[in-house]
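Novice: Mind having a look at this structure? Questions to follow.
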Amino acid sequence: MRLLSKIILVALAIVGVGAVIIGAWLMAGGISARSEPGRVEAVLARRLRSLAIPRAAHERTNPVEQTGQRLRDGMAHFADHCAVCHGNDGSGETEMGRGLSPRPPDMRKDATQALSDGALFYIIENGVRLTGMPAWGTGTPEGEQASWHLVQFVRHLPKLTEDELRDMSAMNPKSADEWREEEEARRFLEGGTGATTISAPTRHKHPGDIR
Ligand code: HEC
């Protein structure tokens, strides 16, 4: 047999065995988001993600001057768009965060804090394919500016205070029901009956919702 056909045969055999292994993995519940990626898979995925971010992007530094107001902007944006998965404190301990595979990491920890500003910005703008992390970039200078504010806020996560957490809870998205309750409370305090005519669906709360 010629060498080339031997190589083709071996290659086909490898593909065949690979297909059987992937098939067996899928049958064993491999696509369920209930199982978390194993250690090897997690390390490999992180490595691949890092390689997939262009070097120039890794090396970018935050061009936006860091002020208290910009940090507040990033905080408000995070509470509104990110906390549903990442939690206001960045721990990832939310109902949605716990249900994802891979799970959002605890961003207060070294693994995230050791990423460069450029890498954080790139991930926020482009998301991470095959994970729950969406791309937030809008392709506009305003969008980029907002992402840099978020980078500044992610850096602040390890130092977040209880007061800031309380402020963020007030900035988390509210359901129609929560708006109605607040409106009722406001009217009650103003001396009214507190009753409103708006009827909203019954309150739907889960333990461990965003803190
Ligand atoms: C629908 C859920 C979801 C939302 C909403 C979300 N993320 Fe994520 N995020 C994830 C997941 C899952 C990962 C882990 C990705 C991975 O494993 O590579 C992640 C990863 C990240 C990372 C990389 C951290 C690290 O160490 O790997 C950053 C930074 C980040 N998110 C920032 C944000 C910001 C800022 C927002 C809001 C603008 C946001 N995320 C909104 C799910 C979400």
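Novice: Considering only the stretch 1-45, state which residues are free of Cβ contacts under 8 Å to residues at least 40 places away in the same chain, of a type in the set (D, E, K, R) and under 28 Å from residue 131 (Cβ atoms).
Specialist: Result: 39, 41.
Novice: Out of all the residues in the stretch 78-95, which are out of contact with any His (no Cβ under 8 Å at 6 or more places or on another chain) and more than 9 Å from the ligand (Cβ to nearest atom)?
Specialist: Selection gives 79, 87, 88, 89, 91, 93.
Novice: For residue 98, which of the numbered conditions (1) within 25 Å of residue 170 (Cα to Cα); (2) near the ligand (Cβ under 10 Å from one of its atoms) fails to hold?
Specialist: (2)
Novice: Determine whether the stretch 76-99 contains at least one residue that is buried (at least 18 other Cβ atoms within 10 Å of the Cβ) and either of a type in the set (Ser, Thr, Tyr) or modelled with pLDDT under 95 (or both).
Specialist: There is at least one residue in the stretch 76-99 that is buried (at least 18 other Cβ atoms within 10 Å of the Cβ) and either of a type in the set (Ser, Thr, Tyr) or modelled with pLDDT under 95 (or both).
Novice: Check whether at least one residue in the stretch 86-93 is assigned to a loop (DSSP other than H, G, I, E, B), more than 18 Å from residue 52 (Cβ to Cβ), in the same structural domain as residue 54 (by TED's automatic domain parsing) and among the acidic types (Asp, Glu), and report yes or no.
Specialist: Yes; the residues of the stretch 86-93 include at least one that is assigned to a loop (DSSP other than H, G, I, E, B), more than 18 Å from residue 52 (Cβ to Cβ), in the same structural domain as residue 54 (by TED's automatic domain parsing) and among the acidic types (Asp, Glu).
Novice: Considering only the stretch 49-77, state which residues are in a loop (DSSP other than H, G, I, E, B) and of a type outside the set (Ser, Thr, Tyr).
Specialist: Across the stretch 49-77, the qualifying residues are 53, 54, 59, 60, 62, 63, 64, 65, 66.
Novice: Just checking, which of 103, 55, 39 is more than 11 Å from the chain's Cα centre (by Cα), of a type in the set (D, E, K, R) and closer than 22 Å to residue 155 by Cβ?
Specialist: Just one listed residue meets the conditions, 55.
Novice: Just to be sure I understand, how many residues within the stretch 120-150 are more than 8 Å from the ligand (Cβ to nearest atom) and either of a type in the set (Val, Ile, Thr) or part of a helix (DSSP H, G or I) (or both)?
Specialist: Here the count works out to 14.
Novice: May I pose another question? Within the set of pairs 6+ apart or on separate chains, which have a first residue in the stretch 102-118 that is touching a residue at least 60 places away in the same chain (Cβ under 8 Å), a second that is more than 9 Å from the ligand (Cβ to nearest atom) and among the acidic types (Asp, Glu), and C-beta atoms under 9 Å apart?
Specialist: These pairs meet every condition: 102/36; 102/41; 103/36; 118/59.
The values are calculated or read from the model by the stated rules, or taken from the named source; none is laboratory data. Since the model is a prediction, treat every value here as computed from it, not as a measurement. Please note: Cβ atoms are built from the backbone with ideal geometry, for glycine as well, and neighbour counts cover all protein chains shown.
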